[in-house]
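Just below is one structure, and these are the notes that go with it.
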Amino acid sequence: MTRPKRVLFIAYAFPPVGGAGVQRTVKFVKYLRQFGWEASVLTVANPSVPVVDERLLAEVPPDVIVRRARTWEPSYQAKARLSDGGTSTGGTRHRVRKVLRGLANAVLQPDPQVLWVPQAIKEGTKLLREIEHHAIIATAPPYSAFLTGSALARRTGLPLVLDYRDEWGISNAYAENKRPNALSRWLQGRMQNHVVRAADMLLATTRSSARELEQVRARAQSAAEVAHIYNGYDPDDFAGRTGDGVQGQRKTYRLAYIGTLWELTSVAPLVEAVRGLAVAAPEAAERLELVFAGRRTAAQQTLLGHLTGLRCQVSERPYMEHAAALDLLHSADGLCVLLSDVPGAERVMPAKVFEYMATRRPIVAVAPKGEVWDVLADYPHKHLCLPSDAPAITRALLAEVQRKDGGVPPYFNGWHHERFSRSTQAGQLASILDGFAESQSERQANVPPS
């Protein structure tokens, strides 16, 4: 019997860390064994992160090898105090915090998680010496994970896959409290070229991001292949969840948005559209219920405040564990996608959208033309609206409220979402890894005896 092949995942974002970015690695680890690959995971022992989800630990098969390396980062709360400094924009304390934040951003390249790299390399080297592995996958952000992956690949000669959950440039452009100056951009450009030259594969989460990574590869003069594997949904997460009876018990139309609200996912177009609905159809606005669940920046919180007095009901909830978020999805009448009209956003596909589709709920997508529009093109019940077209968003909201008022069910006959299952995505990754394993075997077979 042939022993399964083994891949090492390098993932700072791994349970009990919470958030959407964790799901991709966890589901790969869960399903790769169906395709002849076992997984080990190198992650952080003391993560400095904004949210945790202890229940996600149950998603990791108990026999998966997980090694945890300590980081020298301060706690997330300490970093948040340094970044925020209260609401005041003046005074000595604010100026000191600003200087310290600038110094930290300048020194800690490419991100504060670089303080994890030395111990991660040490633990990873030890693990790879103890147990035979056939490939390494480093997933980012944070992009310091790529530094760890390239170091281990160079030490061991194992094939390296760099999994870009977000593009490096987009992440830098819109991340909270992170605006790299010219020197930082130059340093990070050199860092990216360095790790890309060490890689055998650059893996994107969308088709258009893969095209962008081809440009990254060319600038680095790398021989790495480029591919994309979308995010997806796990059928196991949806077993026993319907929520179908809940919608009929409410007189309001519940439109839910789950995820972070920040510069890349601004709520501003939706607020403007609700303002238009309150003027054009006040009775419909009164039957609209908006639910926002997740973290939000101060600027986005201010925008949500503008919904006050617009007749609709608004419910604001904090970050929710994944299981609770799925319950909320199923309780909704419709689901909202928000993506700002900013450079690069057309290449972004929010991971939550695949779970949106799996619920078979109407989707109101406010996004620039690009990946979101392409993926949702054959989704039967959707409204695709540009962020700049507030009247179109208003019409979509009105149509949905009136549809529920009229008792008209959403239309989904003949549409299937199985191609976006996490098992399918794991099979695609296994095919890539199989190709590397076969190439390695061929090289070893052609080595002349000493």
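Dipole of the range 237-405 (Lys/Arg Cβ +1, Asp/Glu Cβ -1, origin at the Cα centre): which of VAL314, ALA367, LEU261 lies farthest to the positive side?
VAL314
Using helices alone, what [θ] at 222 nm do you get for the chain, with -39,500 (n - 2.57) per DSSP H run of 4 or more residues, divided over all residues and rounded to the nearest 500?
Calculated mean residue ellipticity at 222 nm is -13500 deg cm²/dmol.
Do any trypsin sites (Lys or Arg not before Pro) in the range 330-434 lie in a loop, going by DSSP, with at most 11 other beta-carbon atoms within 10 Å of their beta carbon, and if so which?
LYS369
Kindly express, to the nearest 10 degrees and within the range 0 to 90, the angle between helix 207-220's C-alpha long axis and the longest C-alpha principal axis of the chain.
In the chain, helix 207-220 runs at an angle near 40 degrees to the longest axis.
Quick one: compute the contact order of the range 237-405, relative version, from alpha carbon pairs under 8 angstrom and 6+ residues apart, as a percent.
27
Relative contact order for the chain using alpha-carbon pairs under 8 Å, separation at least 6, rounded to a whole percent?
Value for the chain: 14 percent.
Taking a ≥ b ≥ c as the square roots of the eigenvalues of the Cα gyration tensor of the range 237-405, is the shape rounded (a/c under 1.5), prolate (a/b larger than b/c) or oblate?
Since a/c stays below 1.5, the shape of the range 237-405 is classed as rounded.
Roughly how tilted is helix 92-107, in degrees to the nearest 10 and between 0 and 90, from the longest Cα axis of the chain?
40
Within the chain, count lysine pairs with alpha carbon atoms under 13 angstrom apart where the residues are 8 or more positions apart or belong to different chains.
Lysine pairs meeting both conditions in the chain amount to 4.
Using only Cα atoms and rounding to the nearest 10 degrees, what angle (0 to 90) does helix 20-31 make with the longest principal axis of the chain?
Relative to the chain, helix 20-31 is tipped by roughly 60 degrees.
If you place +1 on the Cβ of every Lys and Arg, -1 on the Cβ of every Asp and Glu, and leave all else neutral, what size is the dipole of the chain about its Cα centre, to the nearest 20 Debye?
Value, rounded to 20: 1280 debye.
Hey, what's the Kirkwood Rh for the chain if you take every pair of different alpha carbons, in angstrom?
Result for the chain, one decimal place: 23.3 Å.
Could you tell me which of rounded, prolate or oblate describes the range 282-366, using a ≥ b ≥ c as the square roots of the eigenvalues of the alpha-carbon gyration tensor, with rounded for a/c under 1.5 and, failing that, prolate when a/b is larger than b/c and oblate otherwise?
rounded
Among GLN428, LEU203, ALA396, which residue has its Cα positioned farthest towards the positive end of the charge dipole of the chain, with +1 placed on the Cβ of Lys and Arg, -1 on the Cβ of Asp and Glu, and the dipole taken about the Cα centre?
Among GLN428, LEU203, ALA396, the one farthest towards the positive end of the dipole of the chain is LEU203.
Given axes a ≥ b ≥ c from the Cα gyration tensor, I'd like to know whether the range 230-314 is rounded (a/c under 1.5), prolate (a/b larger than b/c) or oblate.
Oblate.
Each reported figure results from applying straightforward, stated rules to the coordinates on display, with no laboratory input. Every value quoted in this text rests on a predicted model; they were computed, and no experiment measured them. When we count neighbours, we look across all protein chains shown, and the Cβ atoms used for this are built from the backbone with ideal geometry, even at glycine.
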